[in-house]
Each structure stands twice: as C-alpha cells, then as structure tokens.
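K.L.:
I'd like to ask some things about the structure below.
The values are calculated or read from the model by the stated rules, or taken from the named source; none is laboratory data. In this text, all values refer to a predicted model and were calculated from it rather than measured experimentally. Here the Cβ positions follow ideal geometry from the backbone for every residue, glycine too, while neighbour counts run over all protein chains shown.
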Amino acid sequence: QKEVEQDPGPLSVPEGAIVSLNCTYSNSAFQYFMWYRQYSRKGPELLMYTYSSGNKEDGRFTAQVDKSSKYISLFIRDSQPSDSATYLCAMKSQGGSEKLVFGKGTKLTVNP
Amino acid sequence: EAQVTQNPRYLITVTGKKLTVTCSQNMNHEYMSWYRQDPGLGLRQIYYSMNVEVTDKGDVPEGYKVSRKEKRNFPLILESPSPNQTSLYFCASSHTRTVLGAAFFGQGTRLTVV
C-alpha cells in the first residue's frame, strides 16, 4: 500500500461549484498535512497546511483532516476558472525520519 | 521580490557528464529542498537541508549530491548522470520546519540525459 494515495482525476466542474479533493494515507505517524496548487509548467505553490486533526479555512479554501480515517480533504468554494490546476497533497511526520511525502496530484478544470 | 531561482531552466546532457543545477533563495530561509517530478510518480524529495552544512536524504537520493555552504544557495550535483535521471527538478525553501523546505518553489529545471 502506498503511503499517500490521491485520485489523479481529471476532475471537471462548472464555475461556482464546490470542489472536494481528497487524499488517504497509511502512515499513522503523519502529523502535518499540506495542500499545494501547481499550474501547468510552473512550480507548486503551498496553499495551506494543518497540524493533526481538524479544519482550517483560508478564504475560499478549507482543509480538513480526519486522522481516525487517515483521510484529508481540500474544499474549494465558489470555484473559478483560475482554480484550474493540479492539486497535490503532502504529509510529514514529526520527529524521526521527517521526509515530506506527496500524493500524485489531482488535475482540476473549472469550466466558465 | 521573494523568489527561488534555479538555473538552468532546460538542460540536455550526455550520460556520465557531471552537472550542477544551481538554486538560490533571497528570503533568508533556513530550510531548502530538492524534488524531482515524473509522470505517474509525482513529486519525490531528493534531499533537504535544515541549515548551512546540515543536509539529509529524502526518498530518492541515489545518484545525487548536495551541499549547503551558504544559507541562500543549495546546488544539486549529478556526478555521473544516467538516463533514468531525466526528469523535472524543483528546488524549494521555507522558513519553517513544518514543510521541510517546501513552501516556495523555483520555476523548475527540465533535465534530459541521453
């Protein structure tokens, strides 16, 4: 079983829709959870990160972590064509071997 | 402007010819890291650095070397490149250990080894 699983999509939604992007993981040592956005032919950009379980909101973006289910989500409200990109989740443990492990990314298209 | 700068952006080289990809950040970040991105495999961490002269292996360090002699620079060295190192490479930096040098990314270096 891979440490981090992410559905590659592609995911296509109409403008204004609520988008839900998800990752599952197998390593219970993961404590930090990140979401990145990567536009075509660009480097990833960090959207937000959370520690342990719970929700975190930043504008139209909400990150959610459910450690009991080993499941994390990123919600995008009122999606815009400019949100069209590949979204990557990433995770890291605390202490010990602190490698950052990425999901393979979900390609999102928001249609005007 | 805060940025991470990689050079070169594109590089075609031959097997076995040593090369260096430079990375520089102007944000005074302590943490820096290197990644490679391959279709179907996603983004994988090669090395990271927590400060000057402090580096550690990521998931795929084989065939790569790094050095951190100055805070702003973190070059990636391929002593004897092979075709399986053909990839898109990203350098990144951060001020916090939480994201282990993966907050601000460079523009990428597309390397082809023939």
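K.L.:
In the range A:64-92, which residue that is small (G, A, S) and within 15 Å of A:E5 (Cβ to Cβ) is surrounded by the fewest Cβ atoms within 10 Å (Cβ to Cβ)?
P.N.:
Out of the qualifying residues, it is A:S69.
K.L.:
May I pose another question? Counting only residues that are of a type in the set (G, A, S) and at the interface with chain B (Cβ under 7 Å from one of its Cβ atoms), which one in the range A:91-109 is farthest from A:V13 (Cα to Cα)?
P.N.:
Only one residue fits best here, namely A:G103.
K.L.:
Being touching an Asp or Glu at 6+ places or on another chain (Cβ under 6 Å) and among the small types (G, A, S) is the filter here; which residues of the range B:51-92 pass it?
P.N.:
Across the range B:51-92, the qualifying residue is only B:S87.
K.L.:
In addition: Any chance the range B:56-73 includes a residue that's small (G, A, S) and closer than 18 Å to A:G43 by Cβ?
P.N.:
Yes, the conditions are met somewhere in the range B:56-73.
K.L.:
Inside the range A:1-48, can you point out the residues that are under 22 Å from B:D38 (Cβ atoms) and among the aliphatic types (A, V, I, L, M)?
P.N.:
A:V4, A:L11, A:L21, A:M34, A:L46
K.L.:
On the given criteria, is A:S69 closer than 22 Å to A:I18 by Cα, polar (S, T, N, Q) and part of a loop (DSSP other than H, G, I, E, B)?
P.N.:
no
K.L.:
Scanning the range B:95-112 for residues that are over 12 Å from the mean Cα position of the chain (by Cα) and buried (at least 22 other Cβ atoms within 10 Å of the Cβ), which turns out farthest from the other protein chains (Cβ to nearest Cβ)?
P.N.:
B:F104
K.L.:
Hey, could you check the range B:34-83 for residues that are of a type in the set (K, R), touching a residue at least 24 places away in the same chain (Cβ under 8 Å) and farther than 18 Å from B:L11 by Cβ and say which is surrounded by the fewest Cβ atoms within 10 Å (Cβ to Cβ)?
P.N.:
B:K71
K.L.:
Any idea which residue in the range A:13-29 is nearest to the other protein chains (Cβ to nearest Cβ), counting only those that are within 17 Å of A:D78 (Cβ to Cβ) and in a strand (DSSP E or B)?
P.N.:
A:L21
K.L.:
Do you know which residues across the range A:30-64 are away from chain B (no Cβ under 14 Å) and part of a strand (DSSP E or B)?
P.N.:
Matches in the range A:30-64: A:G54, A:N55, A:E57, A:D58, A:F61, A:T62, A:Q64.
K.L.:
For A:Q6, are the conditions met, namely being in contact (Cβ under 8 Å) with a residue 24 or more places away in the chain, within 11 Å of chain B (Cβ to nearest Cβ), of a type outside the set (V, I, T) and closer than 18 Å to B:L100 by Cβ?
P.N.:
Judged against the criteria, A:Q6 is not a match.
K.L.:
Would you call A:L21 touching a Gly at 6+ places or on another chain (Cβ under 6 Å), of a type in the set (A, V, I, L, M, F, W, C), within 28 Å of B:S93 (Cβ to Cβ) and at pLDDT 95 or above?
P.N.:
no
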